[in-house]
Amino acid sequence: MTTQATQASAPAPAKRRLMKHPRSRFAGIIPAILLAIGMLLICEVLVRAFDLPEFVMPAPSAVFEVLFTHQAQLFAATLVTAEEVAYGFFMSAIVGALVALVIARFDRFGQALYPLVVLFQTVPKIALAPLFILWFGYDLAPKVTLIVVMAFFPVALNMLVGLQSVDPNLVALLRSVGASRSEILRRVQIPHSLPYLMAGLKVAVTLGVIGAIVGEFAGASAGLGYMIQFASTQMQTSLVFAALIQVSVLGLIFYYLVELAERHYIDWIPRPNGP
């Protein structure tokens, strides 16, 4: 009874830690905001000073004007790209984790599989996009497939490092008391690898956004990548920059969603005091 009560109350300190310093967390992003504002002001002054044509280099004020006036169109495109990223990231997380588990669990098969995974990772993924369009058409499937082949590798590699970095003395001790290979994997190696897995997921989600845009460049009728490509052919450079801002914000949201999940579910990871 006492043990159950202790386990039930265990997440409480983590939740308090998440809500403990909202002011300090906000203060941490103030330097980045000030730096961004300063760079935009410098860019605005330079564009106006040299009187650059808008189709060559629009002023930040013109980009933000387009960003607000075309927001409905940009938001609809963002939803399309976000759906592709969400499905692709979810699939890449599953594929990457499974590859790491197979390599860690089955030594001989893992020794054969690992070089092939590394070899596949060296293939330029942008060259695969036209093939996926040819095989799967112009719908969601080719974009999701491209995201998976781009994003699964950091997940697999980071989780594999976590699985293989368990204290060998602990593994030897567990084997001496009769623990099987699967039990050691399930009870020790997988929990130990979770912080490494989350690090890989944070890299994967940013690659997922890039993969979605590349897939839309190759062939699409909607999405931010399609909008960027269409606007560039019409020399609407302000709209290109506005879509790029939207892509960056989308990537930022996905990244911090993964980090939020990490802070909520894996709250024992020591974190630096930096941003």
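The values are calculated or read from the model by the stated rules, or taken from the named source; none is laboratory data. All values reported here derive from a predicted model rather than from experimental measurement. Cβ: placed from backbone, ideal geometry, glycine included. Neighbour counts: every protein chain shown. Calculation scope for accessible area: heavy atoms of the full protein, side chains included, ligands and nucleic acids excluded. Shrake-Rupley method; radii C 1.70, N 1.55, O 1.52, S 1.80 Å.
General remarks:
- Counting only helices (runs of 4 or more DSSP H) that sit completely within the stretch 127-216, those holding 3 or more residues that are within 22 Å of residue 267 (Cα to Cα) correspond to 140-164.
- Just one residue in the set 95, 177 is under 23 Å from residue 198 (Cβ atoms) and at pLDDT 85 or above; that residue is 95.
- The single residue among 163, 174, 101 that is in the same structural domain as residue 196 (by the TED database) and farther than 22 Å from residue 200 by Cβ turns out to be 174.
- When residues of the stretch 43-56 are limited to those that are more than 26 Å from residue 233 (Cβ to Cβ) and surrounded by 11 or more Cβ atoms within 10 Å (Cβ to Cβ), the one nearest to the chain's Cα centre (by Cα): 44
- For the stretch 220-267, residues that are at negative phi and outside any helix (DSSP H, G or I) total 7.
Yes/no per residue for (1) without any contact (Cβ under 8 Å) to a residue 12 or more places away in the chain; (2) closer than 25 Å to residue 220 by Cβ:
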site: 111; (1), (2): yes, no
site: 125; (1), (2): no, yes
site: 131; (1), (2): yes, yes
site: 137; (1), (2): yes, yes
site: 146; (1), (2): no, yes
site: 151; (1), (2): no, yes
site: 158; (1), (2): no, no
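- Here residue 70 fits the description: open to solvent by 40 Å² or more (accessible area, probe 1.4 Å) and at pLDDT 85 or above.
- Residue that is farthest from residue 258 (Cα to Cα), among those in the stretch 226-241 that are touching a Phe, Trp or Tyr at 6+ places or on another chain (Cβ under 6 Å) and open to solvent by 30 Å² or more (accessible area, probe 1.4 Å): 235
- Failed criterion for residue 223 (all others in (1) under 27 Å from residue 96 (Cα atoms); (2) open to solvent by 40 Å² or more (accessible area, probe 1.4 Å); (3) small (Gly, Ala, Ser) hold): (2)
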